[in-house]
1. Can you give the helix-only mean residue ellipticity at 222 nm for the chain, where every DSSP H stretch with n ≥ 4 adds -39500 (n - 2.57) and the sum goes over all residues, rounded to the nearest 500 deg cm²/dmol?
2. Would you please put 340-346, 271-277 in order of how densely packed they are, using the mean number of other Cβ atoms within 10 angstrom per residue and starting with the highest?
3. Among 143-151, 258-266, how do they line up by average Cβ neighbours within 10 Å per residue, starting with the highest?
4. Given a Förster distance of 41 Å, report the FRET efficiency between R221 and D192 from their Cβ-Cβ distance, rounded to the nearest 0.05.
5. Using the Cβ atoms and a cut-off under 10 Å, what net charge is assigned to the surroundings of G451, where Lys and Arg are +1 and Asp and Glu are -1?
6. Within segment 203-231, find all residues whose amide N lies under 17 Å from a label point positioned 7 Å from the Cα of Q243 along Cα-to-beta-carbon.
7. Give me, ordered by chain and number, the residues 5 or more places off S458 or on other chains with an amide H under 5 Å from its own placed amide H.
8. Within the set of other residues whose C-beta is less than 13 Å from the C-beta of Q517, count the net charge using Lys and Arg as +1 and Asp and Glu as -1.
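FYI, it's all coordinate maths here, none of it is from the lab. Computed from a predicted structure; not experimentally measured. Neighbour counts are summed over all protein chains in view; Cβ atoms, including those assigned to glycine, are modelled from backbone coordinates with ideal geometry.
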Amino acid sequence: MRPTKAGLIVVAALLLTALTGSAGHRPPPATTLGSVIPVPAQVVPSRAAPFEITASTVIVAAGAARPVADRLAATLRPATGFPLPVRPIGTAAIELRLNATADPWFGDEGYQLEIDTTGVALRANRPAGLFAGLQTVRQLLPPAVEALSVRQEHWTIPAGVIRDRPRYAYRGAMLDLARHFHPPADVKRFIDEISRFKINYLHLHLADDQGWRIAIDGWPRLTTVGGGPGTGVRGIGGGFLTQEQYRDLVRYAADRYVTIVPEIDMPGHVNAAQVAYPELTCDGVAPRPRIDIRVGYSSLCTGKEITYRFAEDVIRQLAALTPGPYLHLGGDEAMSTPHADYVAFEQRVLPLVAKYGKTAYGWHEIAAAPAAADAVIQYWAVTRDRPAVVAAAGAGAKVVLSPADRAYLDMQYDLLTPGGLHWAGTIEVRTAYDWDPGGWARGVPASAVLGVEAPLWSETLRDYGDVEFQAFPRLAAIAELGWSPWETHDWISFRDRLGAYGERWTRRGVHFYRSPQVRWS
Ligand code: NGO
């Protein structure tokens, strides 16, 4: 019989225990190594006594490792009450090191964590890897580490070795600011939460029929009319971001190794822009503002040159605001644009994204245009066969998986949970977890899959509590699909780790859905 991976890990753990001796005087750790979401690629626990952070613990980190070490110290100080100085050199209990010669297996985001009774060594090739390791360390400490005031605890971390790296380069969440605007402070809270699960992209849906949410120079009415009070679903979701607020969000996210992907949807989903600028319609007549949640009725006038001036102004300015590689142009549900016009439109606008130095990104309908071969295609279908996407992937396009019946965070958990829609079905936690992005879209080779994203559309999300309730815990499931190797995929294990994680959300005041599928601690 071939030894299984789990079997090998147990053997390795026993060996390590034999070498390091049995537990010393330290209290047993509150968590077990590997009780982490997303589950690490390789976990080798040891039965050695855990490491305990104390009042005399020092953190050592130099150069580019220093900001991550400062963040670690800042994370641990409130609950521990310890000073936790960060020093460039010296002997330390906790050491963060960047090592250019380290194993290429770790890539840019992987890390290695070695914990024994005397200390913690966190190593990575790049700061993003150290940041990922920091998130793991947080989860290995007792849940009381989430407290904002001093707690009496044994701040133990279980001993052993973790070697970890992501399955996919793209692990995203999306927030729709158009249907209900959510102010920058809420977007920042969301970034804090998603970065804990090693999500590295936040896609912001910035314009739709009901509202336009980002200031564009030269087109002031987009926000004064399209984003003002009274816009949004039921007219209660008004608001918009100035470019300075947007830049601040980009910086805030980057500090947490999250890259923002801006989306302006076109040629459909443009009613708010057309209310502000009637010249963007074919007859030049302003449509009425819309506060309902129907889709598919609006279209830019693909035969007018002003349409392309508008598109290029928006693309140029968003590209300048965006340090990240992707710019999303929507392209979904253009039911009011004749198909040939749609393809011609995409053939003109998708290349504009490259003209301004970015990679075009769009919902899977863009696959109908040959120019999509250079783009990233976001697969949101509830069926698994999309020949156009298969063809585009064959021609070079990359695919991000967001199947609406699995990954849409705006679907209801069940028909009794408040908020959310159910056009793609209901999505309980296990449904969100139990699918493989690698083989999901039939005919799309695994090598074309860039990653996975969980979109959160905001038709029913009035406030930030609603955002949290829809996102958590399902976003943790999608994060694990994006990060953890498929061999580790295991519902029972995930369910138990999630149940234990719940206490951390509770302590942080996160309004999450207590799914009956999970035994919450
Ligand atoms: C669809 C539609 C959105 C809706 C969403 C609601 C896509 C890509 N277009 O997804 O406009 O908000 O469903 O679930």
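1. That comes out to -9500 deg cm²/dmol.
2. Highest mean packing first, the order is 271-277, 340-346.
3. 258-266, 143-151
4. Given R0 = 41 Å and the Cβ-Cβ separation, E is 0.75.
5. Neighbourhood net charge equals +2.
6. So the set is 213-224.
7. Residues meeting the amide H criterion: D176, R179, H180.
8. Here the charged neighbours net out to +1.
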